[in-house]
Amino acid sequence: MNSSVSKKRINSFTGLRFYMMIIIMLSHMEFLSLLPNGYVYSRFFHNAYVAVNFFFILSGFGLAYSYKSNEHLPRITLGGSISYGIKRIKKIYPVYFILLFVCLPYCLYFSISDGNTIIVAFCKTIFKLILDIFLVQSSTGILQLSTGINSVSWFLSTLFLLYICCPLLLKLNEKIKNSLKAVSLFCGINLALIIIFYYIFEAIESRTFFDSLSYTSPYLRIFYLISGILLCDMVKLSKSNLNAFNTFSETVIVLLNILWFVFRNSITIDIHIKYIVDFLLCVLLIYIFAFERGYISKALSNSFHVKAGNNTMYWFLIHYPIRLYVHAIFSFFSPSVTWYISIIEVTTIFVLTFLVTNIITGKKHYSTDASMK
């Protein structure tokens, strides 16, 4: 096997995580859409679908990439699987836990301002806090509960719940990962299941109070994790001429992703076709950059990108509480918002996120399985 797909680390993925997290953070600056000509933001920059898909697929890829057939996995029991999930998120959990209490006052205030009495608001907030502490909020399939105290924490909750399923998934993958035909077949089946369950979950969302099944829940995202596992198999089994994956192919897929990011919201096609394009572009991005054959992947592998990419989960959890409080302060002191003021606000949110992350991490940088360490 070519060394570029058998080494211990794929640094280009870590670099890609940096840019994908910037996209996600930018998508949370929704107050920009309320400005004069705010449609520019809504239409061209408010789009996190490919980036969110990227992290789930890459997590599956990373787990399969680092797993070896002789690696010790826990017995396929509930206790063993939960322990496996805890092991995967324990480094980031202390920060996650502290941020829950940082967001608690804002969450309580928001609940009261939404028309609830103090007692009702307090009870609702405490219930959310309990779900969040145990990282099970996204399993509810209810948006108000899934987003919890720190709204973006649904991602870590979903990832934790998916990690619990990984010992079983990796064991099952052992049976097919050496057959290109079997892996290709299951890739097709998995894509079909993603499309089918999108329709099923959207139908449920439109008829019941389960309004967050097709985006934040682990019930759909598990197919993205499986996609990453199968994609890793495909990379390792690839018989193609690896020289075909060079700077040109990397440039093409990067440009396609950039164009799709910018114009996705403006294209008038069925939303389900957009979901398929989101998925396929993300898969192609990971597949091509797994070989690290071009100049772009080399640039993404430099020390800056690796250091920044290793901090992305911190940025993800930290930026949203900062965004809440910074926006509240700016709104108080500057009720008439302009683009000039909003750009300063966005810059402040990003800078504070990076500074707080740097203080927390010091010289130690967080890494998930997806970083290929």
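The values are calculated or read from the model by the stated rules, or taken from the named source; none is laboratory data. Everything quoted here is computed from the prediction, not taken from an experiment. Heads up, the Cβs are rebuilt from the backbone with ideal geometry, glycines too, and the neighbour counts pull from every protein chain shown. With ligands, DNA and RNA removed, areas are computed over all heavy atoms of the protein, side chains included. Shrake-Rupley method; radii C 1.70, N 1.55, O 1.52, S 1.80 Å.
Each Cα pair of segment 26-104 feeds into the Kirkwood radius, which the Stokes-Einstein equation turns, at 10 °C and 1.306 mPa s, into a diffusion coefficient of 96 µm²/s. With the simple spin-label model, which puts each label point 7 Å out from Cα in the Cβ direction, the ASN116 to LYS274 separation comes to 3.1 nm.
Pairs from the table (LYS236/LYS274; LYS236/LYS298; LYS181/LYS307; LYS87/LYS298) lying more than 26 angstrom apart at Cα are LYS236/LYS274; LYS181/LYS307; LYS87/LYS298. With contacts taken as Cα pairs under 8 Å at a separation of at least 6 residues, the chain carries a relative contact order of 34 percent. Given the alternatives [x] 61, 46, 46; [y] 67, 51, 41; [z] 64, 43, 41, Cα extents along the principal axes in Å as computed for this entry is given by [x]. Largest first and in whole Å, the equivalent-ellipsoid semi-axes of segment 256-318 read 27, 17, 10, each the square root of five times a Cα gyration tensor eigenvalue. The chymotrypsin sites (Phe, Trp or Tyr not before Pro) of segment 100-170 that meet both conditions, a loop assignment by DSSP and at most 12 other Cβ atoms within 10 Å of the site Cβ, are PHE134.
Would you list which aspartates and glutamates come within 17 Å of LYS128, measuring only between C-alpha atoms, while excluding same-chain residues fewer than 8 positions from it? Counting by Cα, and skipping residues close in sequence, LYS128 has these aspartates and glutamates nearby: ASP114, ASP211.
In a Debye calculation with equal point scatterers on the alpha-carbon sites of segment 258-373 and no solvent, what is log10 I(q)/I(0) at q = 0.13 Å⁻¹? Taking Cα atoms of segment 258-373 as identical point scatterers yields -0.81. Which one of PHE45, LEU162, ILE276 is farthest out on the positive end of the charge dipole of the chain, using unit charges on Cβ (Lys, Arg +1; Asp, Glu -1) and the Cα centre as origin? Comparing the listed Cα positions along the dipole, LEU162 ranks first.
Taking the Cα of ILE341, stepping 7 Å toward and past its beta carbon, and measuring to each backbone N in segment 33-56: which are under 12 Å? Counting only backbone N, you get 35-36.
The stretch between LEU78 and LEU255 holds 59.4 nm of extra length on full extension. This uses 0.36 nm per residue minus the Cα-Cα distance. Prolate is the label for segment 132-259, because the ratio a/c of its alpha-carbon gyration tensor axes (a ≥ b ≥ c) is 1.5 or higher and a/b is greater than b/c.
When GluC sites (Glu not before Pro) are flagged only if DSSP places them in a loop and at most 15 other Cβ atoms lie within 10 Å, the longest unflagged stretch of the chain comes out as 175-373.
Loop-located trypsin sites (Lys or Arg not before Pro) across segment 153-211 with a Cβ neighbour count of 15 or fewer within 10 Å are LYS175, with loop assigned by DSSP.
Ordering PHE263, PHE291 by how much accessible area each has at a 1.4 Å probe, largest first, what is the list? Walk me through the numbers on the way to the answer.
On the way: PHE263 95, PHE291 0 Å².
Putting PHE263, PHE291 in descending order of accessible area: PHE263, PHE291.
Of the residues SER249, SER83, ranked by 1.4 Å probe accessible area with the largest first, the sequence reads SER83, SER249.
Counting Lys and Arg as +1 and Asp and Glu as -1, each charge on the Cβ, what is the dipole of the chain about the Cα centre in debye, to the nearest 20? Don't skip to the end; give the middle numbers.
Details: 30 positive and 15 negative charges, 289 e Å.
The calculation lands at about 1380 debye.
Highest GNM mean-square fluctuation among SER151, SER301, SER336, for the chain modelled with Cα contacts below 10 Å: SER336. Partners of LYS171 within straight-line reach, counting aspartates and glutamates whose Cα lies under 18 Å from its Cα and excluding those fewer than 8 residues away in the same chain: GLU71, ASP233, ASP369.
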